[in-house]
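Notes to accompany the following structure.
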Amino acid sequence: MAEAVTWFLLSGMLMCGLLLHSVHKQEVHENNPSKKPNFIIILADDIGWGDLDANQQERKANNTPNLNQLAEQGLRLTDFHSPASTCSPSRAAILTGRYGLRNGVTHNFAVGSVAGLPLSEVTFSQLLQKAGYYTAMIGKWHLGHNGPYSPTNRGFDYYLGIPYSNDMGCTDTPGYDLPRCPPCESYGPQVIRVKRSAHGDCYSKTGLPLMENNSIVEQPLDLWTLTEQYRSAATRIIHNARERGQPYLLYLALAHMHVPLAPPLSPDASSTNHRVYKASLREMDNLVGAVKSASDETDKDNTLIWFTGDNGPWEKKCQYAGSVGPFMGKWQTSRGGGSAKRTTWEGGHRVPTVVYWPGRIPANNTSSALLSGMDIFPTLLSLAGVTPPSDRRYDGIDATNILLHGEQGGHEFLFHPNSGAAGRFGDLQTVRMGKHKAFFITGAAEACGGATGEQQLHNPPLIFDLERDEAEETPLDAQTLEYQAAAERITRGREELLWDIATDQSVSTADYSTDDSAAPCCNPRHAVCRCSTLG
Ligand SMILES: *[C@@H]1O[C@H](CO)[C@@H](O)[C@H](O)[C@H]1NC(C)=O
Ligand SMILES: *[C@@H]1O[C@H](CO)[C@@H](O)[C@H](O)[C@H]1NC(C)=O
Ligand SMILES: *[C@@H]1O[C@H](CO)[C@@H](O)[C@H](O)[C@H]1NC(C)=O
């Protein structure tokens, strides 16, 4: 610990020197249009729209001071949506700028998945890498971990992270007990507590592999060290890139706020109360603050930081799930079942989002333009002056003018794919158009307490007015002119998109087959893939 503090102070002092240096350099580059910006994309996992204090100022919470500052110095996007309501499809759409119906990724990959994001798909990291960027990824990938599907083969020069969710694969609790540890807690795997007791550090490690490039560097993984490992890798990447003078892309896909949560807590803290989630949120916020500081100390005026989420909170985890804010999906919850992650209710895909670029993005403002995580692809490429391949169709839009010049126009239509709540995976069953949102199918996820709703078809669709009814409680009366006009345009827009996808020559198909031998395991002969025998 003392060593880390010294290192931090030292690097802080060094940075002051660098800062003067960079002010001078910046002037030189000021009018040089060929200087490419750096990009830091931070993707939180299972975070709720309401988890960002700045989104719910009336609550006066103080869990995300660093993100609040990012918003105060940047632009908060209040109507920004993850491209899907679960992990793999959301990430695939972010990286390719295309709906899952085109890129092939419509549901999650497994520990034993033999493949991943189809190799026919092109990621923005591949395109930026080709354009001369240094590209690094830290964190959760979840787009296939074998051979050609791994991050270093999909456009990243460097990778440090876990190949899928932190609750996947063998964990020490409840499935596997370390020898000499007391039996597992009865409340399940959501939180694994450090027990610095006579028993040693039980429950602190999971069978997850930590990968660096294509090698397993730690297995089992100590979740309590993961945040610090990510922090030090991220700041190192930022500082090194600055020294090389090469533009960079850092894609930081956090383990936060996905269970198991492993925040610093006093060993005797009760893990059944709400403090665990808040402590974890603060830990995540701190990590974001460290990344922002590293960027501010190096190439501040030339770096875009984009913070967002991969889908809404995992409601069935109860006190270990985040807040949807006012987006409560009441039509659904009043009929049973949850309305967040995995669903197309607002809580499932409206995610807290902040963009920050000092001097380029006006400070302390908000935009309610209708935007999606798929827009990251065309926006980054546009800012970098890179033209994406023209042999395929994209669904993201270039949001440059919205971010930099306060324009309002977002998506005319935004489609929300089924992510497990109803119907076929990937189907575009819910459509946003302006303030209206139409459901052709409704369905629920498992709620805290286990309730699940029924899938229902709606013909004509249910349409909500999100301006008047952000909780999606009471659909418009189908007899009204407002309903009829919206229904007609939405139905036509949806048919046009489905036709466009049906005639797209570049649609990919993902191979979802699994095989036990595909699980990343540093010693297959060991019970839970441990590198070494237990001491
Ligand atoms: C990861 O791969 C990059 C690119 O090949 C290489 O420069 C770097 O040294 C590798 N890092 C490790 C730890 O293997
Ligand atoms: C940001 O804007 C709000 C009002 O929209 C204002 O109260 C606050 O003081 C502003 N903050 C800064 C740092 O300018
Ligand atoms: C915020 O952005 C809007 C839209 O561009 C603009 O009209 C408004 O002046 C901005 N507000 C501030 C305080 O900059």
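Answer rounded, prolate or oblate for region 355-421, using the Cα gyration tensor with square roots of eigenvalues a ≥ b ≥ c: rounded when a/c is under 1.5, else prolate when a/b is larger than b/c, else oblate.
Oblate, because a/c is 1.5 or more while a/b does not exceed b/c.
Please state the shape class of region 307-371: rounded when a/c is under 1.5, otherwise prolate if a/b exceeds b/c and oblate if not, all from the C-alpha gyration tensor.
Prolate shape, in that a/c is at least 1.5 and a/b is the bigger ratio.
Run a plain Debye calculation on region 262-373 (Cα atoms as equal point scatterers, no solvent) and give log10 I(q)/I(0) at q = 0.12 Å⁻¹, rounded to two decimals, same order as the q list.
Each listed q maps to, in turn, -0.59.
Output ³J(HN,Hα) for region 432-439: one whole-Hz value per residue in order, computed from phi by the Karplus curve 6.51 cos²θ - 1.76 cosθ + 1.60 with θ = phi - 60°, and x for Gly and Pro.
Residue by residue, region 432-439 yields 9, 8, x, 7, 9, 9, 10, 10 Hz.
Evaluate E = 1/(1 + (r/R0)^6) for CYS522 and THR387, where r is the Cβ-Cβ distance and R0 equals 41 Å; express this FRET efficiency to the nearest 0.05.
0.50
Under a plain spin-label model, where a point goes 7 Å from the Cα along Cα-to-Cβ, how far apart in nm are ASN365 and THR491?
3.9 nm
Fully extended, how many nm does the chain gain between GLN484 and SER120 (0.36 nm per residue separation, minus their Cα-Cα distance)? It would help to have the intermediate numbers written out before the result.
On the way: separation 364, 0.36 × 364 = 131.04 nm, distance 4.06 nm.
Taking GLN484 through SER120 to full extension adds about 127.0 nm, to one decimal.
Taking a threshold of 32 Å on the Cα-Cα distance, which of the pairs LYS36/LYS437; LYS278/LYS300; LYS36/LYS316; LYS60/LYS300 fall above it?
Going by Cα-Cα distance, LYS36/LYS437; LYS36/LYS316 fall outside the 32 Å limit.
Order the peptides 73-80, 438-445 from the highest to the lowest mean number of other Cβ atoms within 10 Å of their residues.
Values: 73-80: 22.8, 438-445: 24.9.
Ranked by mean Cβ neighbours within 10 Å, highest first: 438-445, 73-80.
Below 13 angstrom from the Cβ of GLN73, what's the summed charge of the other residues (Lys, Arg +1; Asp, Glu -1)?
Result for the local shell: +1.
Where Lys and Arg each count +1 and Asp and Glu each count -1, what net charge lies around THR333 among other residues with Cβ under 15 Å from its Cβ?
Taking every Cβ under 15 Å from that of THR333, the sum is -3.
Enter the accessible area per residue of region 365-408 (Å², integer; probe 1.4 Å; all protein chains in place). If you can, show how the numbers build up before the last one.
On the way: 1710 Å² over 44 residues.
Per residue, region 365-408 has 39 Å² of solvent-accessible surface.
Around ALA369, with a cut-off of 10 angstrom between Cβ atoms, what is the net charge of the other residues, counting Lys and Arg +1 and Asp and Glu -1?
That works out to -3.
Going by the alpha-carbon gyration tensor, a ≥ b ≥ c the square roots of its eigenvalues, is region 434-521 rounded (a/c under 1.5) or, if a/c is not under 1.5, prolate (a/b greater than b/c) versus oblate?
Oblate, since a/c reaches 1.5 and b/c is not below a/b.
For the pair ALA451 and HIS405, how long in nm is the line joining their label points, each one 7 Å along Cα→Cβ?
The answer from the label model is 4.9 nm.
Just report the Cα centroid separation between region 322-398 and region 400-429, whole Å.
7 Å
Return the sequence-ordered ³J(HN,Hα) values of region 332-339 in whole Hz as given by the Karplus equation 6.51 cos²θ - 1.76 cosθ + 1.60 applied to θ = phi - 60°, using x for Gly and Pro.
For region 332-339, the Karplus curve yields 6, 5, 6, 9, x, x, x, 10 Hz.
The values are calculated or read from the model by the stated rules, or taken from the named source; none is laboratory data. Because the structure is predicted, anything quoted here is derived from the model rather than measured. Quick reminder, even Gly has a Cβ in these numbers, built from the backbone with ideal geometry, and neighbours come from all protein chains shown. Heavy atoms of the whole protein, side chains included, go into the accessibility calculation; ligands, DNA and RNA do not. Shrake-Rupley method; radii C 1.70, N 1.55, O 1.52, S 1.80 Å.
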